[in-house]
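Participant: Can you keep this structure in mind? I'll have questions shortly.
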Amino acid sequence: GDNGFRFSIEDRITFERDESGLPTIQFIPFIDAGAVWNNSDNPNNEFLPSQRFLVGVGLGLLWQPVPQFNLRLDYGIPLIDLDDRGNNAQDSGFYFSVIFRP
């Protein structure tokens, strides 16, 4: 789409802390929403799916063994039925990320 917005809210619930008190394992319930649309003069308007708004909820697990590195696994469930869901892990609701900040 030419335009769009995304909204996300999450809460981080600390399950475990390191010796200095920093969180190392957190559970993260979340709500995500978003929408996309094209400008009226876009020639691809006929190809934009009719479902332009999505909402989902989920739970994440964040492991941060050191402050510069974290692993996160999220599982989300759509609250709006999707006609064009695929058959891979991300389409099923799984998302995995690895972050390193030197």
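The values are calculated or read from the model by the stated rules, or taken from the named source; none is laboratory data. This structure is a prediction, so every number in the text was calculated from the model and none was measured. Using ideal geometry, Cβ is built from the backbone for each residue, glycine included, and neighbour counts are taken over all protein chains shown.
Participant: For residues in region 1-46 being outside any strand (DSSP E or B) and polar (S, T, N, Q), which is nearest to the chain's Cα centre (by Cα)?
Facilitator: Step by step, filter region 1-46, then rank; the result is ASN38.
Participant: Give all pairs with beta carbons closer than 7 Å in which a residue from region 55-74 that is touching a residue at least 12 places away in the same chain (Cβ under 8 Å) and closer than 13 Å to GLN26 by Cα meets a residue that is surrounded by 17 or more Cβ atoms within 10 Å (Cβ to Cβ) and among the aliphatic types (A, V, I, L, M); count only pairs at least 6 apart in sequence or on separate chains.
Facilitator: Sorted first by the residue in region 55-74, then by its partner, the pairs are ASN70/LEU62; ARG72/LEU62.
Participant: Being farther than 22 Å from ARG72 by Cα and hydroxyl-bearing (Ser, Thr, Tyr) is the filter; apply it to region 1-54 and report the residue that is modelled with the highest pLDDT.
Facilitator: SER40
Participant: Another question, then. If you take the residues of region 69-100 that are of a type outside the set (Phe, Trp, Tyr) and modelled with pLDDT of 95 or more, which of them is surrounded by the fewest Cβ atoms within 10 Å (Cβ to Cβ)?
Facilitator: The residue in question is VAL98.
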